[in-house]
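Step one of this worksheet: look at the structure below.
The values are calculated or read from the model by the stated rules, or taken from the named source; none is laboratory data. Predicted model, so just to flag it, every value in this text is computed and none were measured. Positions of Cβ are generated from backbone atoms using ideal geometry, with glycine treated the same way; all protein chains shown enter the neighbour counts.
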Amino acid sequence: MAKSSRRASGSRRNSGSPGRGSSRPASRWGVYRVGWIIGRAILWFVAISVLWVLVYRFVPPPITFTMLGDMAGGHSISKDWMPLSIMDRTAARAAIAGEDAKFCSHNGFDREAIAAAWKRNENGGKHIRGGSTISQQTAKNAFLWQGGGFFRKGLEAWFTVLIEQLWGKKRIMEVYLNIAETGIGTYGVNAGSQRYFKHDASHLTPIEAARIIAVLPLPKKREASVPAGYTRRYGGAIAARAGVVRREDMDGCLG
């Protein structure tokens, strides 16, 4: 009886071995399935983002995540799209002077500015700056949300590449000047001009354009109509640099 019991026990142990071996193909199939799902998700993301960018090449962005945030906070939204061909050229020149002097020459990223901003922030500069170009800011404003983080910055880089390739500089500047936040609940240079100076952006003086651009870094805390302190000084500096932009044709990519 003892020998029979040992044979039965050995039989049970042997019968379990194929079960353990068969789990390996199953686990490999699980890895393949996860990879397939991730690959499909990436393909869908690429397709949808490219289509989204192509649509905005011809259609003004109807709303942005920043606008939705303002609405959720109880603010009304003021925006009034104006084509770049109608908007006073001083607005684009002021934007280049104040935000991105190399706008017409870079491919969406100003590596020198990014490196300088990184060094400044590491050294504890009073104002934290990101070195973002107008193209990067447009990508963020049109397709993403405010705030930092590597994930958001990665998406910003992806959309920056897309708009540089699919839009071109003129469309990037046009969208930027129409959706950038220029005050609490106010979006675009045209709406900002109407808010601060009581006229549209088809006729802007250099100082008016410069003061609107000076508001952009902190649009919820600065005013362009009666600027004080830093905003007034910064606006004056932008107006002076905008003259250089005009004389040296630094806005030549806009036609």
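Can you spot a residue in segment 132-152 that is outside the structural domain of residue 45 (by TED's automatic domain parsing), at pLDDT below 95, assigned to a loop (DSSP other than H, G, I, E, B) and of a type in the set (Val, Ile, Thr)? Taking every residue of segment 132-152 in turn, none turns out to be outside the structural domain of residue 45 (by TED's automatic domain parsing), at pLDDT below 95, assigned to a loop (DSSP other than H, G, I, E, B) and of a type in the set (Val, Ile, Thr). Considering segment 186-208, and only residues there that are among the aliphatic types (A, V, I, L, M) and either under 23 Å from residue 63 (Cα atoms) or touching a Pro at 6+ places or on another chain (Cβ under 7 Å) (or both), the residue that is surrounded by the most Cβ atoms within 10 Å (Cβ to Cβ) turns out to be 189.
Could you count how many residues in segment 230-255 are at positive phi and modelled with pLDDT of 95 or more?
As a first pass, look at segment 230-255 and keep what is at positive phi: 249, 255.
Next, from what is left, pick out any that are modelled with pLDDT of 95 or more: 249.
The qualifying residues number 1.
Among the conditions (1) surrounded by 12 or more Cβ atoms within 10 Å (Cβ to Cβ); (2) under 29 Å from residue 199 (Cβ atoms), residue 49 misses just one, which is (2).
Screening residue 90 against (1) farther than 30 Å from residue 237 by Cα; (2) in the same structural domain as residue 205 (by TED's automatic domain parsing) leaves a single unmet condition, (1).
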